[in-house]
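Working notes, structure below.
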Amino acid sequence: RTRLENAGIRNVQLRQGDLYALPVERDGYDLVIVHQVLHYLDDPGAAVSEAARVMAPGARLLIADFAPHKEEFLREEFAHRRLGFSDREVESWFATAGLANAGGETIAPHGADEKLTVKLWLAIAKAKSEIEAA
């Protein structure tokens, strides 16, 4: 919040709440970012559906999380419930939530010791008429 305030950015809200029941209004947001959170959740698909609920038609959802990996130590040392996500899995959450898949990017590890690949997935909230027609 301090960084946003110092940068003079006023059209952003940072809120803390239950990811499965966000304390915000339906259709109220143009952009929702879920950054390195889903791998901690029991039901990441439900969190994506809840994000879709608060998105206005045409709004974007950006998810940043890990691609599938085998770093088991993250479960015990950092409470990760999941070891990354495949494109197919994330795209199925988008479809279930009524979001249009808008592609993604892969950010490969940089150093020789780094083993985690970060993925970015983008979805767009459909207009109500598109959802009803489907």
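The values are calculated or read from the model by the stated rules, or taken from the named source; none is laboratory data. None of these values were measured; they are calculated from a predicted model. With ideal geometry, Cβ positions are generated from the backbone for all residues, glycine too; neighbour counts draw on all protein chains shown. Keep in mind that these areas ignore ligands, DNA and RNA; they rest on the heavy atoms of the full protein, side chains included. Shrake-Rupley method; radii C 1.70, N 1.55, O 1.52, S 1.80 Å.
For (1) of a type in the set (A, V, I, L, M); (2) under 21 Å from Tyr20 (Cα atoms); (3) in contact with an Asp or Glu (Cβ under 7 Å, 6 or more places away or on another chain), each residue gets a yes or a no:
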{"residue": "His35", "(1), (2), (3)": "no, yes, no"}
{"residue": "Pro44", "(1), (2), (3)": "no, yes, no"}
{"residue": "Ala51", "(1), (2), (3)": "yes, yes, no"}
{"residue": "Leu61", "(1), (2), (3)": "yes, yes, no"}
{"residue": "Pro68", "(1), (2), (3)": "no, no, no"}
{"residue": "His80", "(1), (2), (3)": "no, yes, no"}
{"residue": "Trp121", "(1), (2), (3)": "no, yes, no"}
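Within the range 20-36, which residues are open to solvent by less than 50 Å² (accessible area, probe 1.4 Å) and either assigned to a loop (DSSP other than H, G, I, E, B) or farther than 29 Å from Pro68 by Cα (or both)? Write out each step before concluding.
Pass one, the range 20-36, residues open to solvent by less than 50 Å² (accessible area, probe 1.4 Å): 22, 24, 28-29, 32, 34, 36.
Of everything in the range 20-36, those that are open to solvent by less than 50 Å² (accessible area, probe 1.4 Å) and either assigned to a loop (DSSP other than H, G, I, E, B) or farther than 29 Å from Pro68 by Cα (or both) turn out to be Leu22, Val24, Gly28, Tyr29, Gln36.
Please specify each residue of the range 1-32 satisfying the condition of being acidic (Asp, Glu) and over 17 Å from the mean Cα position of the chain (by Cα). Before the answer, list the steps.
Narrowing the range 1-32 to residues acidic (Asp, Glu): 5, 18, 25, 27, 30.
Within the range 1-32, Glu5, Glu25 qualify.
Enumerate the pairs (first residue in the range 94-110 and assigned to a strand (DSSP E or B); second residue anywhere and open to solvent by 50 Å² or more (accessible area, probe 1.4 Å) and at pLDDT below 95) with beta-carbon separation below 9 Å, excluding pairs fewer than 6 apart on the same chain, so at least 6 apart or on different chains.
Leu99/Lys126; Ala100/Lys126; Ala100/Glu130
Among the candidates Glu91, Glu72, Glu77, single out the residue that is under 14 Å from the mean Cα position of the chain (by Cα), closer than 24 Å to Thr117 by Cα and open to solvent by 70 Å² or more (accessible area, probe 1.4 Å). Steps first, answer last, please.
Details: Glu72 fails: under 14 Å from the mean Cα position of the chain (by Cα); Glu77 fails: under 14 Å from the mean Cα position of the chain (by Cα).
Result: Glu91 is the single residue among Glu91, Glu72, Glu77 that is under 14 Å from the mean Cα position of the chain (by Cα), closer than 24 Å to Thr117 by Cα and open to solvent by 70 Å² or more (accessible area, probe 1.4 Å).
What do you reckon, is Arg88 touching a helix residue (DSSP H, G or I) at 6+ places or on another chain (Cβ under 7 Å) and among the charged types (D, E, K, R)?
No: the conditions fail for Arg88.
Filtering the range 43-71 down to residues that are assigned to a loop (DSSP other than H, G, I, E, B) and in contact with a Phe, Trp or Tyr (Cβ under 9 Å, 6 or more places away or on another chain), which residue is nearest to Val32 (Cα to Cα)? Full working, then the answer.
Initial filter on the range 43-71 (assigned to a loop (DSSP other than H, G, I, E, B)): 43, 54, 67-71.
Among the residues that remain, those that are also in contact with a Phe, Trp or Tyr (Cβ under 9 Å, 6 or more places away or on another chain) are: 43, 54, 67-68.
Values: Asp43: 18, Val54: 8, Ala67: 20, Pro68: 23 Å.
Only one residue tops the list, namely Val54.
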